[in-house]
Amino acid sequence: MKIIRMKRWYVLLPVGILLFGIGLGTGIIWDDYLFPSPTPTRTPSLTPTETITPSSTNTPTKSSTPTLTATKTLTPSITPTPTISQTPSKTPTIAPTQVVQARVLVQSNCRYGPGSAYLPEWGLYPKNRVTILGRNQDSTWVYVDPWTYMDYCWVKTEFLEILRGNVDDLVQIRTLLPYTEFYYAPRNVRSSRVETGDIMVNWDLIPMSKDDDRGYLIEAWLCEDGQLRFTPLHFDGPPAFLHDEPGCLQSSSARIYTAEKHGYTTWVLINIPPYLTPTPTAEPTDYP
């Protein structure tokens, strides 16, 4: 009886171990099949916490960009204002009413003013071309733009051959003189009428070097043939005599400059005395 029981124990023991192993393995496999999510859910739970930082950086950048665009829009409103106002102010001063062109006939000086009393500014030679921009009162001098020079100057009309246009149709022009500060303006300027009716002008000489000395310029508006005419005159020193006639509605006037090779000083007004009108005298009558 004891021998038989021992054999059954040896037979049932391996069978039980086998069945236990099969059950254990089946349980593990079944557990993995039903609950596969524990391992992947742990990794994504960490990543969302790291993505919070870029969201905070985006918000300040968006709010700062509109402030830059607002400041840029202010700059174009400032630039157009000075450019528009400058361009039209230059052209009407020298633009002629029509195009008048001429050719130089003889060698001549192109001067700072309409008259031989003014300093020469540029030299003109035969066959030089000029564009005429204006004229003086009686068209004896014209204000020209030489094709061989970068500035404008005055030349006598009789030295030119008019190729196109009419000088008398141009506007009357007055120009400024070059200014110098190297010497003083004339001092102690005084005037008086002489017996002939002309005006005698005196002044104190201004010391100048021999190289710079260009005398004195008098610009006068004198009565001639019943009309007030602009008359520029040059003098090396005092006295100066100005021919002035009666019969004009406006009174005569004049001013004097010191002239040197660089230009002219400020002018000094010459007080023109009234014209001497003879007082009528009663003729003696003879009584019988």
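Rule-based calculations on the coordinates, nothing more; no lab input. The model shown is predicted, which means the values in this text are computed figures rather than measured ones. Quick reminder, even Gly has a Cβ in these numbers, built from the backbone with ideal geometry, and neighbours come from all protein chains shown.
Couple of notes before you dig in:
- Antiparallel DSSP beta bridges within region 106-182, as percent of all bridges there, nearest 5: 95
- Packing, taken as the mean count of other beta carbons within 10 Å per residue, orders the peptides 237-244, 135-142 from highest to lowest as 135-142, 237-244.
- Placing unit charges on the Cβ atoms only, positive for Lys and Arg and negative for Asp and Glu, gives region 143-288 a dipole magnitude near 460 debye about its Cα centre.
- Annotation: extensible slack from Asp212 through His243 equals 8.3 nm (criterion: 0.36 nm per residue apart, minus Cα-Cα distance).
- Taking a straight line from the alpha carbon of Lys261, these aspartates and glutamates sit under 20 Å away, with near neighbours fewer than eight places off in the same chain left out: Glu121, Asp151, Glu181, Asp204, Asp211, Asp212, Asp213, Glu219, Asp236.
- Cβ-placed point charges (K, R +1; D, E -1), dipole of region 187-270 about Cα centre in debye, nearest 20: 260
- Cα centroid separation, region 223-261 to region 92-157 (Å): 23
- Of all aspartates and glutamates in the structure, the ones whose alpha carbon falls short of 17 Å from that of Lys127, not counting any fewer than 8 places away in one chain, are Asp145, Glu158, Glu161.
- Net charge, Leu228 excluded, C-beta distance under 12 Å - Lys, Arg +1, Asp, Glu -1: -3
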